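Here is the structure we will look at.
The values are calculated or read from the model by the stated rules, or taken from the named source; none is laboratory data. Predicted model, so just to flag it, every value in this text is computed and none were measured. Here the Cβ positions follow ideal geometry from the backbone for every residue, glycine too, while neighbour counts run over all protein chains shown. The protein model used for the area step is the full one, side chains on, heavy atoms only, and it has no ligands, DNA or RNA in it. Shrake-Rupley method; radii C 1.70, N 1.55, O 1.52, S 1.80 Å.
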Amino acid sequence: MKSSIRKRTYQAIYRLLDRVSPLDCDCGTLCGAVCCTCASNETEDNPALGIYLLPGEEKVFTKKESWLHWTCEQAEDFDFPDSWHGKIYFVNCLTPPHCPREKRPLQCRFFPLAPHLTPDGILHLILCPDKLPYTCPLIKKKLPLNSSFIQATYTVWTHLIRDSRIFDLVQMDSEDREQDGTELHFIR
């Protein structure tokens, strides 16, 4: 699945997000890095968690990283927008909670924020409303996040949704939340 976002743009996004963090401390110390480590407790009832890469994000990786397990799937086989065709990459961390932080995929860097488009097309950031197999104290306690993290994440999403497939994904997820009546906690 081709992306309109170039490798150097993703690299610039990574550099920007390297300079910010949700809190002034490592938020993983609040919960034992549960968002990273719960995937290492794989069972039949609790499969290993992973994340998908956004279209074109795979360009910043070699696909030979010793700390990641790669899976290449067909987008049509999963709950992605109809505009998503062809390969989609999923990754699982093999060394949780220890990874090269500067190499973390975007979905890790954005957490606990998620993009949300209102019905009139306004981009907002919300606390991740997805059902998770763990409890994130940032979400549960609605801890105040660093304004620099919020601003950088918002800036990145304004650029990412210029890619039509990423826009379609954010719009689909937003419409699903609206239809389901999901309670949203707006951050920006």
Report task. Name every residue in region 2-21 that is open to solvent by less than 30 Å² (accessible area, probe 1.4 Å), part of a loop (DSSP other than H, G, I, E, B) and of a type in the set (Ser, Thr, Tyr), in order of residue number. Result -> SER3
Report task. Considering only region 91-111, state which residues are assigned to a loop (DSSP other than H, G, I, E, B) and open to solvent by less than 10 Å² (accessible area, probe 1.4 Å). Result -> PRO105
**Report entry** Per-region count, region 136-163, residues of a type in the set (Val, Ile, Thr), open to solvent by less than 10 Å² (accessible area, probe 1.4 Å) and touching a strand residue (DSSP E or B) at 6+ places or on another chain (Cβ under 8 Å)
**Finding:** 1
**Report entry** Given (1) of a type in the set (Gly, Ala, Ser); (2) in contact with a Cys (Cβ under 6 Å, 6 or more places away or on another chain); (3) in a helix (DSSP H, G or I), number of the condition ALA114 does not satisfy
**Finding:** (3)
